[in-house]
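A.B. asks: Before I ask anything, here is the structure I am working with.
The values are calculated or read from the model by the stated rules, or taken from the named source; none is laboratory data. Keep in mind that this is a model prediction, so the values were computed, not measured. Note: ideal-geometry Cβ built from the backbone for every residue, glycine included; neighbour counts use all protein chains shown. Heavy atoms of the whole protein, side chains included, go into the accessibility calculation; ligands, DNA and RNA do not. Shrake-Rupley method; radii C 1.70, N 1.55, O 1.52, S 1.80 Å.
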Amino acid sequence: MSSVSASHALVTGANRGLGLEWVRQLADSVEFLLATCRRPGAAEELNRLATSHPDTIEVLSLDVTEPSAIESAVERVQHQTGALDLLVNNGGISGGGTGDRFGTVEAETMTQVLRTNAVGPHLMTQAFADLLRAGAQADGATVVNITSQLGSISRTSGGGWHSYKASKAALNMCTRLQAAELKDDDVKVVAMHPGWVRTDMGGSNARLSTEESVSGMIEVVKNLTREDAGCFLAYDGEELPW
Ligand SMILES: NC(=O)c1ccc[n+]([C@@H]2O[C@H](COP(=O)([O-])OP(=O)(O)OC[C@H]3O[C@@H](n4cnc5c(N)ncnc54)[C@H](OP(=O)(O)O)[C@@H]3O)[C@@H](O)[C@H]2O)c1
């Protein structure tokens, strides 16, 4: 299993899929892990993991579309550690998926997808900026914005997933903006495509297991340099076109 040098980490959407796997793979290598999700009461697997790592994992309710919930998470980390050195903005939604195409795009769906996949992560990084700066003082800090290759503008040729593609392109821009703001403080912000992964979102035909995807991403995080800040990378380290 991969390990990462972070001491204090936070993962959003930690109750299932890739987020749950991030928690699994970080659990034995960090001092404090705030595993956040929308409904902790229903997060059975995550709660089991937290119970088996009582000194490390804490589960907290966090919907990234709710600024007051983001503030509560900031207060929790401030109180517990006063610093954060790994923020994984993982939580996301697909919207209408393949059926979300030109001719059928609905305002409500698109707005909700943008809010969840781009606005939420941007507000998260903004709200945690001071704690990330504090975390960076020891050995740098990292923000991983989980994006998608579907957010690559230069590779897009149409099809479905309109709201999702637009939201991940927006998240990619937010990543560049966050990276520019934080790079002098040694906080490296990257946009990372996890690959096509077998989760509720990726479906059962996807190429990768969550274990393969997350261990790849952790390996990439471990090897990031200051020059990588603001890059768009895949789970295997490949640099992707914007
Ligand atoms: N799987 C793939 O092939 C693939 C490919 C490219 C990118 N991605 C990206 O990888 C990330 C994780 O996806 P996944 O495959 O693990 O999907 P998933 O199994 O559908 O899980 C999505 C997670 O996001 C959470 N979430 C949704 N809305 C949220 C909100 N408003 N606030 C906080 N959390 C929220 C969900 O929580 P609930 O359980 O409460 O709904 C769930 O924990 C997403 O950003 C996705 O776009 C996935």
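A.B. asks: Ratio to report: Rg/Rh of the range 101-242, with Cα atoms as the point set and Rh obtained by the Kirkwood method; give two decimals.
C.D. replies: Reported Rg/Rh, Kirkwood definition of Rh: 0.98.
A.B. asks: Heavy atoms only, probe 1.4 Å: what % of the accessible area of the range 8-234 goes to carbon and sulfur, would you let me know?
C.D. replies: Solvent-exposed carbon and sulfur of the range 8-234 make up 48 percent of the total.
A.B. asks: Could you give the size of the charge dipole of the chain about its Cα centre, using +1 on the Cβ of each K and R and -1 on the Cβ of each D and E, expressed in debye and rounded to the nearest 20?
C.D. replies: Its charge dipole is roughly 680 debye.
A.B. asks: ³J(HN,Hα) across the range 187-194 via Karplus (A = 6.51, B = -1.76, C = 1.60, θ = phi - 60°), whole Hz, x for Gly/Pro?
C.D. replies: Ordered by residue, 3J(HN,Hα) equals 9, 8, 10, 10, 9, 10, 8, x Hz.
A.B. asks: Using amide H atoms built 1.01 Å from N in the peptide plane, name the residues 5+ places from CYS231, or on other chains, whose amide H lies under 5 Å from its own.
C.D. replies: Sorted by chain and number, the residues that satisfy this are ALA191.
A.B. asks: Something else: Please list, ordered by chain and number, the residues whose modelled amide H lies under 5 Å from the amide H of LEU60; skip anything fewer than 5 residues away on the same chain.
C.D. replies: Placed amide hydrogens put ALA35, THR36, CYS37 under 5 Å from LEU60.
A.B. asks: With N set to the number of residues, divide the alpha-carbon radius of gyration of the chain by 2.2 N^0.38 Å and report two decimals.
C.D. replies: 0.94
A.B. asks: In whole Hz and in residue order, list the ³J(HN,Hα) couplings for the range 46-61 that follow from phi through the Karplus curve 6.51 cos²θ - 1.76 cosθ + 1.60, θ = phi - 60°; x for Gly and Pro.
C.D. replies: 5, 5, 5, 4, 5, 5, 7, 10, x, 8, 10, 9, 10, 9, 9, 6
A.B. asks: How high is the relative contact order of the range 8-234? Use alpha-carbon pairs under 8 Å, at least six apart in sequence, and give a whole percent.
C.D. replies: 19
A.B. asks: Shifting gears a bit: Using the heavy atoms of the protein chains alone and a 1.4 angstrom probe, what is the accessible area of the chain per residue in square angstrom?
C.D. replies: Heavy-atom accessible area per residue stands at 46 Å².
A.B. asks: Tell me which of ALA118, THR156, VAL197 sits at the most positive position along the dipole axis of the chain, charges placed on C-beta atoms (Lys, Arg +1; Asp, Glu -1).
C.D. replies: Positive-end residue among those listed: THR156.
A.B. asks: Further, regarding this structure: When we measure straight from the Cα of LYS183, which lysines land under 19 angstrom away, once same-chain ones fewer than 8 places off are left out?
C.D. replies: Within the straight-line cut-off, LYS183 pairs with LYS222.
A.B. asks: Provide the per-residue ³J(HN,Hα) series for the range 65-75, in order, calculated from phi with Karplus coefficients 6.51, -1.76, 1.60 and θ = phi - 60°, each as a whole number of Hz, with x at glycine and proline positions.
C.D. replies: Couplings: 8, 10, x, 5, 5, 4, 4, 5, 5, 4, 4 Hz.
A.B. asks: Could you work out how far helix 162-182 tilts from the main Cα principal axis of the chain, as a 0 to 90 degree angle to the nearest 10?
C.D. replies: 40
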